[in-house]
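Encoded as structure tokens, the structure appears first; notes follow it.
The values are calculated or read from the model by the stated rules, or taken from the named source; none is laboratory data. All values reported here derive from a predicted model rather than from experimental measurement. Note that we place each Cβ from the backbone using ideal geometry, even for glycine, and neighbour counts take in every protein chain shown.
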Amino acid sequence: MKTQTNDYLKFWRVIRYYMKSKHGLGQADLDMILFLYSEGYFGKEKFDEFAQLVSWELGRFERLRHEGWIERFRRKGKDGKALYQLSYKSTRMVLDIYRKLNGEEIPVSISYNSMFHKNVCYNDKVYRNMIVQMNAYQKANPYRTPPKQVKEEED
């Protein structure tokens, strides 16, 4: 049986649920932050462009700003439009998602993960059981990072 070397998304659903639960985000909010992560600085029109693909919410941009996920980089002035960027909070969350996709375990301690409290909903119980299985799988099968691409020298 061939071992898959690029198995990043095996536990994506579990990681996604954990991140949404941990940060109090909806699916569309998480998708928006992941899209904007590589944009650097962006205007409201770039936000609106991607917002057409996710569930409609009139005040999403301002809500994400108010909650600290997006911050203004430059105010609108004579020389141009207002520019925004993801906040430190957003970039830390995205980097945490990538670490989890690369095999880092999700904490199972009650003090770090509210999904492991006693009085949680059924979905949290199902996903926390899967987190335990995922962590065991990650320990038994540590993720091997793909080899770095080496540029071939031109002759």
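Numerical summary
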quantity: Hey, Glu62 under 18 Å from Tyr41 (Cα atoms), out of contact with any Leu (no Cβ under 8 Å at 6 or more places or on another chain) and acidic (Asp, Glu) or not; calculated: yes
quantity: Matching residues in the stretch 35-73 - criterion: being loosely packed, with under 12 Cβ neighbours inside 10 Å and among the acidic types (Asp, Glu); calculated: Glu45, Asp48, Glu62
quantity: Pick from the stretch 113-137, criterion of a type in the set (S, T, N, Q) and over 15 Å from Arg13 (Cα atoms), ranking: modelled with the highest pLDDT; calculated: Asn119
quantity: Qualifying residue in the stretch 9-19 (condition: assigned to a loop (DSSP other than H, G, I, E, B), touching a residue at least 24 places away in the same chain (Cβ under 8 Å) and farther than 19 Å from Ile97 by Cα); calculated: no
quantity: Single residue of Lys76, Lys81 found to be surrounded by 11 or more Cβ atoms within 10 Å (Cβ to Cβ), in contact with an Asp or Glu (Cβ under 9 Å, 6 or more places away or on another chain), within 26 Å of Tyr37 (Cα to Cα) and free of Cβ contacts under 8 Å to residues at least 40 places away in the same chain; calculated: Lys81
quantity: Top-ranked residue of the stretch 91-122 - restricted to ones that are among the aromatic types (Phe, Trp, Tyr) and assigned to a helix (DSSP H, G or I), ranked as nearest to Gly68 (Cα to Cα); calculated: Tyr98
quantity: Test: residue in the stretch 62-82 that is of a type outside the set (A, V, I, L, M), in contact with a helix residue (DSSP H, G or I) (Cβ under 6 Å, 6 or more places away or on another chain) and outside any loop (DSSP other than H, G, I, E, B); calculated: no
quantity: Filter result (in contact (Cβ under 8 Å) with a residue 24 or more places away in the chain and either over 30 Å from Gly80 (Cα atoms) or part of a helix (DSSP H, G or I) (or both)) within the stretch 27-44; calculated: Gln27, Ala28, Asp29, Met32, Ile33, Leu34, Leu36, Lys44
